[in-house]
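Working notes, structure below.
The values are calculated or read from the model by the stated rules, or taken from the named source; none is laboratory data. A quick note: this is a predicted structure, and the numbers were derived from the prediction, not measured. Cβ sites come from the backbone with ideal geometry, for glycine too, and all protein chains shown count toward neighbours.
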Amino acid sequence: MSWIHSHARISVLQGIASFRHLGHAAAERGFRRTLLVADPGIAAAGYSATAEASLREAGVEAIPFHGFGENPDSAQVEAGRAFAAAHAVDSIVGLGGGSSMDCAKGINFVLTNGGRIHDYWGHDKASKPMLPMIGVPTTTGTGSEAQSYALISDAETHRKMACGAAGAAFGLVILDPELAITQPRGVLAASGYDAISHAVESFVTDKRNFFSDGPSRESWRLLERSFERLLAKPDDIEAAAAMQMGAYFAGAAIEHSMLGAAHATANPLTARYGIAHGRAIALMLDHVVRWNSEYVGEFYRELSADLAARLDGLAFAAGLPRSLREAGVPEEELPRLAEEAAQQWTGSFNPRPLDAVGALEIYQCAY
């Protein structure tokens with residue numbers, strides 16, 4: 001087990017059985033009444049109970065909240081806020097996949113600063129201090145644990161809102177590969193591919209810089225060599241640890257560089273057709289790489305000689321859908337999807353300017 005200080009705001013405790021140290025770490029940070037934000041699947045698997053026991057043993061009262069889904073929305077965040085306020089919590093633990101991480105951060109915004117989560121869409125709109133938090137990811141995907149942004153859907157329009165503030169970063173992240181090897185294969189496939197997309201997209205955005213370059217490269221190196229290995233042997237603890245660190249580094253890269261057209265074109269697929277985020281990303285990423293190559297092909301080649309082909313192969317190995325037709329998207333809906341993709345915030349950082357015409361080209365290639 002080792003400590004990694006990744007940047008000024010976040011400390012990382014990484015290693016086998018590090019989850020067992022949750023209670024001690026929380027008590028050390030002054031946690032006394034903690035909101036434990038864990039998705040229903042994590043609760044059903046018994047990890048929420050394990051976390052509660054660890055916290056209780058260290059003298060920390062845990063108040064579990066499970067009332068949110070795969071893409072936490074504004075109504076669920078408000079429900080979490082009301083629940084947390086009624087129990088007068090002084091801290092938050094996020095346990096689970098990206099949905100748990102994002103929901104924990106979203107609740108923190110409205111609990112400490114008031115209003116609605118919509119008020120924090122953008123960056124640095126929280127003027128009051130936020131509660132201290134610990135993040136314990138159980139999947140190897142979103143990298144939300146490394147970021148100061150919460151990604152929350154509007155409950156009515158389903159549009160994703162990125163809400164960022166320094167106080168929304170976890171003070172401590174616990175990366176235990178024993179948790180990662182328990183994720184179902186379908187979750188590993190989708191979340192792992194999502195992490196890969198973060199490495200690829202953050203490496204080439206028009207905001208890429210010295211602080212994103214190293215994490216992007218390292219995340220690609222770890223993920224590309226470990227993804228198929230863990231798919232083939234789900235109990236490979238070394239591959240799981242590499243995937244966890246790769247996902248974390250990719251999240252750290254996003255913090256400095258943001259994302260691009262793959263996420264801009266994937267988000268409407270999730271909003272309109274309920275295609276899980278990682279599966280939607282798998283439909284779009286290799287096509288976006290080909291579309292962007294005229295602008296940043298030399299960067300892509302630093303990752304792989306034929307990056308688009310490698311990404312297509314990784315998605316195929318994971319059993320992810322390879323065309324919009326296969327995913328059940330009607331061809332006549334592509335222009336409307338393109339209009340929505342062009343309005344996505346992430347698209348504004350793409351190295352090749354993305355508008356509705358460009359988004360339609362990408363969708364047509366993916367069809």
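Of all residues in the stretch 233-242, none are under 12 Å from the mean Cα position of the chain (by Cα) and in a helix (DSSP H, G or I). If you go through the stretch 22-42 and keep only what is part of a helix (DSSP H, G or I), surrounded by 18 or more Cβ atoms within 10 Å (Cβ to Cβ) and at pLDDT 95 or above, you end up with L22, G23, A25, A26.
Among the residues examined, D194 qualifies as of a type in the set (D, E, K, R), assigned by TED's automatic domain parsing to the domain that holds Y300 and either in contact with a strand residue (DSSP E or B) (Cβ under 7 Å, 6 or more places away or on another chain) or crowded, with 24+ Cβ neighbours inside 10 Å (or both). The residue that is farthest from S293 (Cα to Cα), among those in the stretch 344-367 that are part of a loop (DSSP other than H, G, I, E, B) and modelled with pLDDT of 95 or more, is Y367.
Just one of D176, D154 is at pLDDT below 95 and more than 16 Å from the chain's Cα centre (by Cα); which is it?
Just a single option satisfies the conditions, and that option is D154.
Restricting the stretch 158-177 to residues that are assigned to a loop (DSSP other than H, G, I, E, B) and in contact with an Asp or Glu (Cβ under 8 Å, 6 or more places away or on another chain), which is nearest to K128 (Cα to Cα)?
The selected residue is A165.
Scanning the stretch 98-132 for residues that are modelled with pLDDT under 95 and crowded, with 24+ Cβ neighbours inside 10 Å yields G98, S99. Taken over the stretch 2-21, the criterion of being outside any strand (DSSP E or B) and either at pLDDT below 60 or assigned by TED's automatic domain parsing to the domain that holds Y248 (or both) is satisfied by A8 alone.
Looking across the stretch 189-211, the residues that are over 10 Å from A253 (Cβ atoms) and under 13 Å from the mean Cα position of the chain (by Cα) come down to A190, S191, G192, Y193, D194, A195, I196, S197. Could you grab me the full set of residues in the stretch 300-324 that are under 29 Å from P335 (Cα atoms) and outside any loop (DSSP other than H, G, I, E, B)? Matches in the stretch 300-324: Y300, L307, A308, A309, R310, L311, D312, G313, L314, A315, F316.
Of the residues in the stretch 211-219, none is among the small types (G, A, S), surrounded by fewer than 21 Cβ atoms within 10 Å (Cβ to Cβ) and outside any helix (DSSP H, G or I).
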